[in-house]
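S.K.: One structure is given below, represented as structure tokens, and several questions about it will come after.
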Amino acid sequence: MTTSVPVDVRDRESEDTGDTGPRDVGETLLEVDDLAVEFRGDDGVVRAVDGLGYRVVAGRTLALVGESGCGKSVSSLAVMGLLPPAARVTRGSARFRGTDLLALPPARHREHCGRHVAMVFQDALAALNPVHTVGYQLTEALRARTGASRRDARRRAVELLDLVKVPHAAQRVHEYPHQFSGGMRQRVMIASALALDPDVLIADEPTTALDVTVQAQVMQLLAEIQAERNMGLVLITHDLGVVAGVADDVTVMYAGRAVEQAPVRELYEAPAHPYTRALLRSVPRLAGGGTDADGRLPVVPGRPPAPGRVPSGCAFHPRCDLARDVCRTDVPPLAEAAPGRSSACHFSAEVLGGARG
Ligand SMILES: Nc1ncnc2c1ncn2[C@@H]1O[C@H](COP(=O)(O)OP(=O)(O)OP(=O)(O)O)[C@@H](O)[C@H]1O
Ligand code: SF4
Ligand SMILES: [Mg+2]
């Protein structure tokens, strides 16, 4: 498939160890290609992810955007080797510095991710154990993963809380999760994900449970850490408004596939896919609009399809105001719509031209 993130791509094909090394800005760290994931259930098999590809680059933030159910979390769990038992990868690869993580035996896959690719999970706030102090939880996790002594792990836990700007970290390690605000608990989860200095951090909806001001602070923190450490950051969200200030590149997903990929500024200025255009219109402060006459926030009209009930041709066609006959029969491939960007729409050029005009 075509990925369109405009980067200085260095050839690391010959590497098969995926071992650590300095991260150079512009280096491709993780390359997901043609990923497909299926769930087996009582009603048969449903495909939750169907041919997703994206590229994560050192020193850049990639936003993975799409409505609920489009496969953002499932695709990330597949990359991490953490799919639930009912799910399996049926196609594709996820190469970390040339090593296909999906081709490794499960234990090596998780071990490899433990060192190089970390994830802040969507339900992270629920993951802290209420009966242990935050310091104990960070320390035990560090010891399990590194074999560090208790004293070293404790020191590292305080350093990590400092890194994520938890004030008075040395005192706060002795406190319990309920003594932390939602935003501070999320910082603890980010600290835990950063413990082994990952090359790539996947943050799955890291701020949705937080109020707007705290959301902005946590986003800012992630952006700072990403830049300081030259990490590749994958930021998962359903809100294009959230990514405006922090992402470099955007992959828009619909029904398990990437439908548009572009650098953030180009995508916001002139979307090349009708779905992106509709998502942008649903973000009032970007669209320059606001609430409608009834005081409601605009949303993308219609609903996304359930996996297993994906429409023929272009999956977006029942909701698309540009749909024509060919859209009902032919799946549009993800193809270059302009230099450095791609779109899966039979009429990308028209959409792009209209947006620019
Ligand atoms: N445990 C499961 N069993 C069966 N199907 C599942 C399961 N988890 C997810 N799915 C299916 O996979 C699809 C993708 O789910 P996923 O959680 O990746 O969506 P998402 O894009 O992360 O949505 P959200 O924005 O709500 O987090 C869903 O539509 C759902 O039907
Ligand atoms: S292929 Fe057709 S239905 Fe799909 S987004 Fe483009 S115009 Fe709309
Ligand atoms: Mg999700």
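S.K.: Looking at the chain as a GNM with Cα springs under 10 Å, which of D321, D34, D42 has the largest mean-square fluctuation?
M.R.: Of D321, D34, D42, the most mobile in the Gaussian network model is D42.
S.K.: Same structure, new question: Summing +1 for each Lys or Arg and -1 for each Asp or Glu, what net charge is found among the other residues whose Cβ lies under 12 Å from the Cβ of L352? Walk me through the intermediate numbers first.
M.R.: Values: positive: R277, R341, R356; negative: E260, E266, E269, E336, E350.
Summing Lys/Arg as +1 and Asp/Glu as -1 gives -2.
S.K.: Ok, one more. With unit charges on the beta carbons (Lys and Arg positive, Asp and Glu negative) and the dipole taken about the Cα centre of the chain, which residue among Y176, H238, P305 sits farthest to the positive side?
M.R.: About the Cα centre, the residue reaching furthest to the positive side is Y176.
S.K.: Continuing with the same structure: Springs between alpha-carbon atoms under 10 Å, Gaussian network over the chain: tell me which of E31, E140, E67 tops the mean-square fluctuations.
M.R.: In the Gaussian network model the winner is E140.
S.K.: Please state the charge dipole magnitude for the stretch 113-209, taken about the Cα centre, from unit charges on C-beta atoms (+1 on K and R, -1 on D and E), reported in debye and rounded to the nearest 20. Working shown, then result.
M.R.: On the way: 12 positive and 10 negative charges, 87 e Å.
The dipole magnitude comes to about 420 debye.
S.K.: Separate question: For a label point 7 Å from the Cα of Y176 along Cα→C-beta, name the residues of the stretch 128-165 whose backbone N is under 12 Å from it.
M.R.: Within reach of a label on Y176, which here means backbone N under 12 Å from a point 7 Å along Cα→Cβ, the stretch 128-165 contributes 129-134.
S.K.: Quick check on the chain: helices-only [θ] at 222 nm, where DSSP H runs of length 4 and up contribute -39,500 (n - 2.57) each and the sum goes over total residues. Nearest 500, please. Could the numbers behind the result be given before it?
M.R.: Numbers: 13 runs with 117 residues, N = 357.
Computed ellipticity for the chain at 222 nm equals -9000 deg cm²/dmol.
S.K.: With just the Cα atoms defining each centre, how far is the stretch 219-267 from the stretch 169-188? Give it in Å.
M.R.: Using only Cα atoms, the two centres lie 27 Å from each other.
S.K.: Can you find, among S68, A103, L83, the residue farthest towards the positive end of the dipole of the stretch 23-109? Put +1 on the C-beta of Lys and Arg, -1 on that of Asp and Glu.
M.R.: Selected residue: A103.
S.K.: Put +1 on the Cβ of each Lys and Arg and -1 on the Cβ of each Asp and Glu in the stretch 112-190; which of M119, Y136, Q186 then has its Cα farthest toward the positive end of the dipole?
M.R.: Positive-most Cα among the choices belongs to Y136.
S.K.: Something else about it: Does anyone have the angle between helix 182-193 and the longest principal axis of the chain? Alpha-carbon axes, 0 to 90°, nearest 10?
M.R.: 80 degrees
S.K.: If you don't mind, another one. What is the local net charge at H109, summed over the other residues whose Cβ is closer than 14 Å to its Cβ (Lys, Arg +1; Asp, Glu -1)?
M.R.: Details: positive: R88, R95, R108, R110, R115; negative: D100, E111.
Computed value for this residue: +3.
S.K.: Given springs between every Cα pair under 10 Å in a Gaussian network model of the chain, which of L62, L35, L210 has the largest fluctuation?
M.R.: Among L62, L35, L210, the largest mean-square fluctuation in the Gaussian network model of the chain belongs to L210.
S.K.: Can I ask one more? Quick one: putting +1 on the C-beta of Lys and Arg, -1 on the C-beta of Asp and Glu, what dipole do you get for the chain around its Cα centre, in Debye to the nearest 20?
M.R.: Details: 40 positive and 44 negative charges, 159 e Å.
So the magnitude is around 760 debye.
S.K.: Treat each spin label as a single point 7 Å out from the Cα along the C-beta direction, and report the T90 to V131 distance in nm.
M.R.: It works out to 4.2 nm between the two label points.
Each reported figure results from applying straightforward, stated rules to the coordinates on display, with no laboratory input. Every value quoted in this text rests on a predicted model; they were computed, and no experiment measured them. Counting neighbours? That spans all protein chains shown, and the Cβs are built from the backbone with ideal geometry, glycine included.
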